[in-house]
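The values are calculated or read from the model by the stated rules, or taken from the named source; none is laboratory data. Quick caveat: nothing in here was measured; it's all calculated off a predicted structure. With ideal geometry, Cβ positions are generated from the backbone for all residues, glycine too; neighbour counts draw on all protein chains shown. Areas reflect the complete protein model, heavy atoms only, side chains present, ligands, DNA and RNA absent. Shrake-Rupley method; radii C 1.70, N 1.55, O 1.52, S 1.80 Å.
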Amino acid sequence: MMDAGVGQTVSGLPIDFGHSETQRLLPWYVNGQLAGAERERLQLHLSSCDACRSDLAAEQEFARAVAAPIAQAPSPEAGLARLHARIAAASAVKPAPKVHSWPGQIDRNELRWAAMAAGVLVLACTPLLLRDGYGPDPAIAGAEYRTLASSDDSGDARTPAAHAVRLVFSAGLAASTISDILTRHGGTVVEGPGAAGAYTVHFDGTPAEKPMSAVLAGLRSEPGVRLAEALQPEQKP
Amino acid sequence: VISKESAGSSAHGDRPGGARGAAEDAADWELIRLVGTGDTAALDQLYRSCHGFLYRFVYRVTRRPECCEEVINDVMFTVWQKAASTVPGARASTWILGIAHNMALKAVGRMGRSARLELALAELDEGFTPDIIHAVSTASLADKALAALSPEQRAVMELVYHHGLHYQEIAVLLECPESTVKTRVFHARRHLRALWPGLVGDGVVAKDSEAQEIESTGSGT
């Protein structure tokens, strides 16, 4: 692994590293990764240098402190559910970009950000949609959602269905605030806003992991949310 | 440690490196291969196995607990996307940490200058002073001391001291020369000298003219 011959005399005895190289390599001596000639040369220097030996002690203590537990990770399950929803959404959007409000093809890599940006654009375009009279009817959004979820793209059949919710925000709520609310609750806009200002939003998590009632309760606790209702009858609380 | 929360045969806890052997690494790569075929059960197992060490790593770099889950989501989504086209090279955990490193730094970048300043000020307000060293938990002191570093430096310190990686492995993970890794760690330790006495001792650096050379070599800090 290491350059075993470097720094050794023809007789095979190691050459002292000196302060600077010792200082550069001390962290890897402490973490046990130095081997071969590097390790020997560093040890040779330590054997004759009080200052570096003293540094070694401080380094060992620092290494132990850095390596100690720092933060208790939460349960991975909620994050895993969000990942599944994201994968399902990414798989669904690509073959079936039927949602005519989207301004163009969405990159799988940037799906979430693209979704937020699209939401902002859709808001900006709302007057245009209304004038032209082809704004989507939120009442049929549930059917569209089921179409997305039942797409036959790879991975879909195995991914759990997520919650579909009809969401109406307070009048005049900033697009960034809407984005923040959606991010906070793990929502992705599937459709909207329609003529009534309603969005169809896809929320992470299956009914088994998080009941629809909990999703709705969370949304209804947001001051900016005027209406949150389930779109799939069987999931209504 | 967090390992108790992990599930699956290849659970990593919060540290995937260390004494893990080739068999465990092969099992991890097999999981990644299955993820590449669209196997969501394999994805679940990999996610649960990596969540602990990813959470810790992302927290260490960003220092924002509220960012961690979002970054982990980005990391594992990337793993899902790249699994089919990735050829096993380094350790599987090192590959995933490399993705996490990029995503965590992007998250810091997204915070914006004002949020980063706010974070720095909040840490100053916590009243860190070197003379209270040893008075409270050295782990929390180390955590506070690391706050004085850049996110890039915190990442590399975590990779050395917590994950126990060789500088060659870190160079692969960061896609940079080995000398950059050594120099970045050296600069970080020098920066921490005031907060953690004895790291890169003053006497040693002052009396050794070679030290000046160290400052000017290597491309990264």
Checked the range B:55-84 for anything open to solvent by less than 10 Å² (accessible area, probe 1.4 Å), more than 8 Å from every other protein chain (Cβ to nearest Cβ) and of a type in the set (A, V, I, L, M); matches are B:VAL58, B:VAL61, B:VAL71, B:VAL75, B:VAL79, B:ALA83
Could you please let me know if A:ARG41 is more than 7 Å from every other protein chain (Cβ to nearest Cβ), without any contact (Cβ under 8 Å) to a residue 24 or more places away in the chain and not β-branched (Val, Ile, Thr)?
no
Identify, from the list A:ALA92, A:ALA65, the residue that is more than 10 Å from every other protein chain (Cβ to nearest Cβ), out of contact with any strand residue (DSSP E or B) (no Cβ under 7 Å at 6 or more places or on another chain) and crowded, with 16+ Cβ neighbours inside 10 Å.
A:ALA92
Counting only helices (runs of 4 or more DSSP H) entirely within the range B:20-138, those with at least 1 residues that are at pLDDT 85 or above, in contact with an Asp or Glu (Cβ under 7 Å, 6 or more places away or on another chain) and of a type outside the set (Lys, Arg) are B:40-62, B:92-125
Being touching a Phe, Trp or Tyr at 6+ places or on another chain (Cβ under 9 Å) and not in a loop (DSSP other than H, G, I, E, B) is the filter; apply it to the range B:180-201 and report the residue that is most open to solvent (accessible area, probe 1.4 Å).
B:LYS182
Of everything in the range A:21-38, what is open to solvent by 10 Å² or more (accessible area, probe 1.4 Å) and either facing chain B (nearest Cβ under 7 Å) or not in a helix (DSSP H, G or I) (or both)? Give them in sequence order.
A:ARG24, A:ASN31, A:GLY32, A:GLN33, A:ALA35
Tabulated pairs, the range A:213-226, first open to solvent by 90 Å² or more (accessible area, probe 1.4 Å), second assigned to a helix (DSSP H, G or I), C-beta under 8 angstrom, 6+ apart or interchain:
none
